[in-house]
Every structure is written in structure tokens, then in C-alpha cells.
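J.: The structure's right below; bear with me while I get my questions together.
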Amino acid sequence: MPGLRSTNLMKAVVYDRYGGPEVLSIAEIPRPSPGPKQVLLQVHATSINLSDWETLLGTPLYSRIGGLRAPRRPVLGSDIAGRVEAVGSEVTLFAPGDQVYGDNLTLKGGFAEYAVAPESALAHKPASLSFAEASTLPQAAAIATQGTADIASGMSVLINGAGGGSGAFAIQLAKAAGAHVTAVDNADKLAFMRSLGADEVIDYRTTDFTRTGPYDRVLDLVAHRSVFAYRRCVSRGGRYRCVGGTTRALLRMATVGVVAGRVTGRRLGVLAVKEGPAHFTPLAELCVSGRIDIHIDRRFPLDETAAALEYAGTGHALGKVVVEIR
């Protein structure tokens with residue numbers, strides 16, 4: 001009948017070429033079906049990560065893995081939270097109706113009404129967290145937890161890019177460990193970073209943080225400087241790890257940085273972030289207990305996903321940005 005929507009279709013935000021938010025469009029596309037070890041979920045919320053913005057732009061180059069000339073997946077969005085609609089024949093951990101969340105980095109698809117994810121990528125959502133709150137955790141929590149794992153009381157710690165999603169969690173985790181925390185981001189985020197517990201804040205536009213310190217630990221979420229600039233801000237016996245940044249900066253850190261650090265008594269390198277529930281549920285438990293706070297800056301409806309990506313990707317977000325589908 002006219003006006004009725006096919007149950008085999010869903011609304012999604014799609015793209016078929018790399019570029020800015022203008023390449024995104026709203027479309028009706030076929031609803032995916034789960035494979036044997038996959039779960040189909042009705043998406044309620046998807047949070048935005050820097051990786052979403054990079055994969056939209058197609059830069060840095062590593063964001064094009066699997067799709068050098070055109071995007072491999074037409075729908076972005078990896079940090080998802082929702083309700084299980086159906087499960088594959090070999091799924092044992094979940095059943096229809098379960099509330100789940102996870103980092104669907106491999107398949108993406110979160111900016112849509114339904115998404116398919118591997119069973120191994122998902123966890124049961126804590127009852128006390130909303131879908132929006134749960135969606136902020138998987139990728140950012142894994143980065144923040146592993147990036148602050150060996151911080152101890154009395155250490156001096158610097159976090160670059162600390163005003164975003166991963167950084168907001170990292171500040172709180174480092175403070176909880178008893179460290180003296182210096183947080184770096186743009187001027188609009190200084191008050192926010194102080195509210196999270198940062199002892200000192202630096203506006204990277206006016207101060208070169210690599211000429212401050214030195215620090216026992218440096219977690220860099222937006223690396224783009226030279227190995228030797230980073231080395232000088234790390235104390236002897238200290239550690240520098242970067243997660244995001246330019247392809248050139250990451251490659252140099254993974255090669256020259258390791259050698260340069262070893263020669264001078266410092267540990268320099270790239271943080272190889274492990275994915276999966278084991279790496280984000282511990283932080284979720286801290287959030288449930290009230291020891292760590294979740295900060296959602298803005299919420300956007302699915303139709304405004306392009307605006308949400310631009311807001312987060314251009315460095316405006318204080319903490320996390322969430323697209324709410326339901």
C-alpha cells in the first residue's frame with residue numbers, strides 16, 4: 001500500500017566517496033542480516049570517535065585500509081548501543097531483547113536504524129547506563145584505560161588532546177591513580193579539562209607542550225610532531241605513547257622513536273590498542289559506581305549525523321558527541 005515502509009529497509013546515513021560532511025546523505029537501504037556468529041541490533045545510540053571523522057575524510061592514509069579509492073563500508077559509526085533484534089545460529093551470549101553495546105570497528109554501520117556486529121565485539125549494557133551513555137564507552141574507554149595503565153601515584157602525566165572523548169576519560173583515570181596531570185587542547189576546552197581534575201592546562205595554540213615538563217608519562221591522542229620534539233618532554237625512564245595522529249608521525253614513532261627512546265633511556269612508541277569487551281567493560285563499571293563520569297557534550301538525531309561528525313571532527317566537542325537513533 002502507498003505510504004507503507006518495507007520492513008526490509010532501514011534509514012541510514014551513507015557515503016560512497018571520501019570527503020567532508022557534504023558527501024553524506026540519508027538513504028533507505030536494505031536491513032542487514034546476521035551471519036552465524038553475528039548479532040543484529042536495533043541501534044539506539046552511536047557515539048562519534050575521531051576514527052569516524054578520519055574515515056569520512058579518508059585521511060590520514062591508514063583510515064583507508066580496505067578501501068583505498070572508495071570507502072569499504074557505506075555506513076560509518078562503530079561505538080554502538082542498542083537492543084538485540086536477532087542472532088546468528090552460533091551466537092550463545094545474547095538473545096533477542098538483550099540490551100548491548102560495543103565497538104563495531106570492523107563492520108561499522110552505527111549511523112543507521114539497524115546494524116550487524118560480531119558477537120565478540122559486544123557486551124551486555126549496564127542497566128544503570130542509558131543507551132547514549134553506554135555508546136560513549138567502547139573505543140574511548142579502551143584507549144583511555146590502556147593509555148593510563150601503568151600510571152602510579154606521584155607521577156607527572158601529560159595528555160595531549162585531552163578535551164575529547166578518550167582524553168576526558170584519561171584525565172579522570174590518571175587523577176584516580178594519584179598522578180599530577182597536565183592536559184593539552186584548544187583554549188575553548190581549558191575550563192572543561194580543569195573540571196575533570198587536570199592540575200594544569202595548556203592551550204596548544206599558544207604554548208608548545210613539548211617544551212614543558214619533562215613528564216613521567218605522555219599520552220598523545222593527536223600526534224603530528226617529530227620524534228625528537230616528543231623525546232625532550234619525556235623524563236629519563238619515562239614513557240611516551242601516541243594513539244592517533246598523522247601517518248608520518250605514527251610511522252616515525254614506531255621506527256625512529258623506538259630507537260631514539262632506547263638510546264636516551266626513554267620509552268617512545270605507538271600504543272597498540274586492544275579491542276573488545278574485556279578492554280572497555282572495566283571503565284563501564286567505574287562509571288556505574290560513580291568513580292568516573294561520562295560527559296556528553298551534544299546529542300544529534302540521525303538526520304543530523306553530518307553536523308555531529310563535523311562538530312566532533314573539527315575539535316569542538318567537550319567529551320563525547322552522540323547520535324541518537326531512538
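The values are calculated or read from the model by the stated rules, or taken from the named source; none is laboratory data. Everything numeric here is computed off the predicted structure, so don't read it as measured data. Because the Cβ atoms are built from the backbone with ideal geometry, glycine has one as well, and the counts that use them run over all protein chains shown. Surface accessibility is based on the protein's heavy atoms, side chains included, excluding ligands, DNA and RNA. Shrake-Rupley method; radii C 1.70, N 1.55, O 1.52, S 1.80 Å.
J.: Quick one: what does P(r) look like for segment 34-168 with 5 Å bins over all Cα pairs, in whole %?
T.: Final binned percentages: 2, 11, 19, 19, 17, 14, 10, 5, 2, 1, 0.
J.: Same structure again: Might you report the magnitude of the Cβ-based charge dipole of segment 70-176 about its Cα centre, with Lys and Arg at +1 and Asp and Glu at -1, to the nearest 20 debye?
T.: Charge dipole of segment 70-176: 260 debye, to the nearest 20.
J.: With point charges of +1 on the Cβ of Lys and Arg and -1 on the Cβ of Asp and Glu, referenced to the Cα centre of segment 26-162, which listed residue (Gly35, Asn160, Leu93) lies farthest in the positive direction of the dipole?
T.: Positive-end residue among those listed: Gly35.
J.: Calculate log10 I(q)/I(0) of segment 1-92 for q = 0.11, 0.17, 0.23 Å⁻¹, where I(q) comes from the Debye formula with a single equal point scatterer on each Cα and nothing for solvent.
T.: Listed by q, the Debye log ratios stand at -0.40, -0.89, -1.22.
J.: Would you kindly derive the ³J(HN,Hα) couplings of segment 173-189 from the backbone phi angles with the Karplus curve 6.51 cos²θ - 1.76 cosθ + 1.60 (θ = phi - 60°), listing them in order in whole Hz, with x for Gly and Pro?
T.: 5, 5, 5, 4, 7, x, 8, 8, 10, 10, 10, 10, 5, 7, 4, 5, 10
J.: Rg(Cα) of the chain divided by 2.2 N^0.38 Å?
T.: 1.01
J.: If amide H atoms are built 1.01 Å from N in the plane of the peptide, which residues on other chains or at least 5 residues away come under 5 Å of the amide H of Tyr240?
T.: Distant-sequence amide H within range of Tyr240: Val218, Arg267, Leu268, Gly269.
J.: Still on this model: Averaged over all directions, how much area does the convex hull of the C-alpha atoms of segment 203-326 cover when projected, in nm²?
T.: Dividing the Cα hull surface by four gives the mean projection, 9.9 nm².
J.: Relative to the first principal axis of the alpha-carbon coordinates of the chain, what is the inclination of helix 138-147, with its axis defined by its Cα atoms, in degrees from 0 to 90 and to the nearest 10?
T.: That helix lies at roughly 20 degrees to the long axis.
J.: For the chain, with only Lys/Arg (+1) and Asp/Glu (-1) charged at the beta-carbon, what is the dipole magnitude about the Cα centre, in debye rounded to 20?
T.: Numbers: 35 positive and 30 negative charges, 247 e Å.
So the magnitude is around 1180 debye.
J.: Quick one: work out the % antiparallel among DSSP beta bridges in the chain, nearest 5.
T.: 50 percent
J.: Name the long-range amide H neighbours of Lys125: under 5 Å, sequence gap of 5 or more, or other chain; modelled H, no Pro or chain starts.
T.: Distant-sequence amide H within range of Lys125: Gln99, Val100, Tyr101.
J.: Moving on. Just to be sure I understand: if I project the alpha-carbon convex hull of segment 134-275 onto a plane and average over all orientations, what area do I get in nm²?
T.: 7.9 nm²
J.: Mind listing the long-range amide H neighbours of Ala223? Cut-off is under 5 Å, sequence gap 5 or more, other chains count too, H placed in the peptide plane at 1.01 Å from N.
T.: Answer set, sorted by chain and number: Val243, Gly244, Gly245, Thr246.
J.: Let me ask something additional. Given a Förster distance of 30 angstrom, what is the FRET efficiency for Leu68 paired with Ala191, based on the Cβ-Cβ distance and rounded to 0.05?
T.: 0.15
J.: Based on the Cβ-Cβ distance of Thr7 and Thr206, what FRET efficiency does E = 1/(1 + (r/R0)^6) give at R0 = 51 Å, to the nearest 0.05? Don't skip to the answer; put the middle values down first.
T.: Working: r = 55 Å, r/R0 = 1.09.
Efficiency, from the Cβ-Cβ distance: 0.40.
J.: Within the accessible area of the chain, what % is carbon and sulfur when the probe is 1.4 Å and the other protein chains stay in place? Provide the component values of the computation, followed by the final result.
T.: Values: 7480 of 14150 Å².
Result for the chain: 53 percent of the exposed heavy-atom area is carbon or sulfur.
J.: Let me ask something else about it. Just the accessible area per residue of the chain, please: how many Å² with a 1.4 Å probe?
T.: 43 Å²
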